[in-house]
Amino acid sequence: MANSRAINSRIANFRSYDVAARRAEVVRQTDLTDADIAVYDDGGLGIDQADRMVENVLGVIGIPVGVATNFTINGRDYLIPLATEEASVVAAASNAARIARGLGGFHVSSTAPIMQAQIQLVDVVDPAAARIRLLEARDEIMALANEQDPKLVSVGGGVKDISVRIISSPEATYVVLHLHVDVRDAMGANAVNTMAEAIADRVAEIGGGHVVLRILTNKADLRLTRARAVFDAELIGGPEVVDNLIHAARMAELDPYRAATHNKGIMNGISSVVLATGNDTRAVEAGCHSHAINADGIYSSLSHFEKNADGNIVGTLELPMPVGLVGGATKVHPAAQAAIKMLGVESADELAGIILAVGLAQNLAAVRVLASEGVQRGHMGLHARNIAASAGAEKHEIDAVVARLIADKSIRVEHAETVLAEIRTGN
């Protein structure tokens, strides 16, 4: 359900608030209650709940959850939860959203939420003819699959089409039928896998082979979400930084070595929101990275940046985004439920658009740093805080230790321990 209150994600000096004040501001602006946000006190998951989610449970692991500010998406403001252990991700995404905010923020759209299942036939003596026979039986196969999930069909989902591919190698030729399933507000794995299992025997009978695989594919290239934004050239750093940013982005399009790190920056944002909302990070990451293979078969950039007529940067991103609001950890993990409530999203498409906007923002921020002062300077302050904490600095000591580490240009744990000892002894 959408938030009943109007959100203003532009919160001045939010980073200077203490945790209690940040929580109070988020509760004030969203439909979260004090009890809702309190689930983050212990990682949001009790040991009994964890023991019901996976097997052989020993405990749970905590990941920091931060809130990204400044986001306007399709004309609406959001406060966005990110679960990440990496310093600078939340701050960078928030800063990039601020740069885009004055020029309209982010605009997102999605295709229908189509997931696919594959049924693999082996030992087919006439693969080309088998393909035609299966396509002729399209209506029968679709009807059989849809019988497995009448509730999904009743809300407008279900199988919408099939396709059949022939995959050949020197060792074997496979006939592979794809079910195209509209999964509505679910991620969809359970629905499509159940359908694939149900139709497998009939597909084998029609195709004239026997079934090996019957499972969804995480290459969700029929379930695409798109995001675009214009980033103010002056706020980016001026014409020289803009030009350098374009060169850096172009390098990622041409060179897979650069593309791997460039795309990792996008996933810093995407995976953080996916994780915070209890969705499947591995499925999303698999789909995104498979989408990075270009028409020439080369791993390339997932995003694109160009300069518009006004000299501003236009960023675009189009990716598979198989996330849901129905089923899975999203429905059983208290912290994920709090994240969904904080966002106030009404559909999986809306959630997917938010995730893409964060990915594009994080990407712009990372490439901007590379095109200007360099990544080490950009990370220095936040990394130094982590090092100070690792050395044992208490909250009231961290700022002093960080200042010394940066001044000494030596951000290492052993140096932080020396500095901390000097501070404590007054030397």
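Read-outs: derived from the displayed coordinates by stated rules, not from any lab. It should be emphasised that the depicted structure is a prediction, and the values quoted were computed from it without experimental measurement. Note that we place each Cβ from the backbone using ideal geometry, even for glycine, and neighbour counts take in every protein chain shown.
Only lysine pairs 8 or more places apart or on separate chains count here, and in the chain those with Cα atoms under 30 Å apart total 15.
Report the GluC sites (Glu not before Pro) located in region 23-105 that are in a DSSP loop and have at most 10 other Cβ atoms inside 10 Å of their Cβ, or state none. Please list the in-between numbers first.
On the way: sites: Glu25, Glu55, Glu85, Glu86; in loops: Glu55, Glu85, Glu86.
Listed in order of number, the matching sites are Glu55.
With a simple spin-label model that places each label point 7 Å from the Cα along the Cα-to-Cβ direction, the separation between Lys264 and Asp161 comes to 3.7 nm. Compared with the alpha-carbon gap, the fully stretched path from Glu346 to Asp126 is longer by 74.4 nm at 0.36 nm per residue.
Compared with the direct C-alpha span, the chain from Asp408 to Ile47 gains 125.6 nm at full extension, assuming 0.36 nm per residue. Peptides 90-99, 325-334, ordered by how many other C-beta atoms sit within 10 Å of their residues on average, highest first, read 90-99, 325-334. For region 211-217, the Karplus equation 6.51 cos²θ - 1.76 cosθ + 1.60, evaluated at θ = phi - 60°, returns couplings of 8, 10, 8, 8, 7, 5, 10 Hz by residue, with Gly and Pro reported as x. What FRET efficiency would be calculated for the residue pair Asp201, His304, taking the C-beta separation as r and a Förster radius of 51 Å, to the nearest 0.05? My answer for the efficiency is 0.70.
Roughly how many Å is it from the Cα centre of region 323-341 to that of region 403-427, as a whole number? Measuring centre to centre over Cα atoms gives 42 Å. Remark: relative contact order (the chain) = 19 percent; criterion is Cα-Cα distance under 8 angstrom and separation of 6 or more residues. The spacing between region 225-255 and region 1-34, judged by their C-alpha centroids, is 31 Å.
About its Cα centre, the chain has a charge dipole of approximately 760 debye under the convention of +1 per Lys or Arg Cβ and -1 per Asp or Glu Cβ, with nothing else charged.
If you plug the beta carbon distance of Arg5 and Ala38 into 1/(1 + (r/R0)^6) with R0 = 25 Å, you get a FRET efficiency near 0.80.
If the elastic network links every pair of Cα atoms under 10 Å, which of Val60, Val26, Val230 fluctuates the most in the Gaussian network model of the chain? Checking each option, the largest mean-square fluctuation is seen for Val60. Classify region 1-146 from the C-alpha gyration tensor, please: rounded if a/c falls under 1.5, else prolate or oblate depending on whether a/b exceeds b/c. Prolate is the answer for region 1-146, as a/c is 1.5 or above and a/b outweighs b/c. For region 182-335, relative contact order (Cα pairs under 8 Å, six or more residues apart, normalised by length) works out to 35 percent.
The label-point distance for Val153 and Ser169, in a model that sets each label 7 Å from Cα toward Cβ, rounds to 3.6 nm. The protection proxy used here, the mean number of other Cβ atoms lying within 10 Å of each residue, ranks peptides 192-204, 231-243 as follows, highest first: 192-204, 231-243.
By the beta-carbon count within 10 Å of each Cβ, the least crowded to most crowded order of Val27, Val65, fewest first, is Val27, Val65. Label the chain by shape, choosing from rounded, prolate and oblate, from the square roots a ≥ b ≥ c of the eigenvalues of the Cα gyration tensor; if a/c is under 1.5 it is rounded, and otherwise prolate applies when a/b is larger than b/c, oblate when it is not. Here the chain falls in the prolate category. Label-to-label distance for Ala112 and Glu25 is 4.3 nm, based on points extended 7 Å past Cα in the beta-carbon direction.
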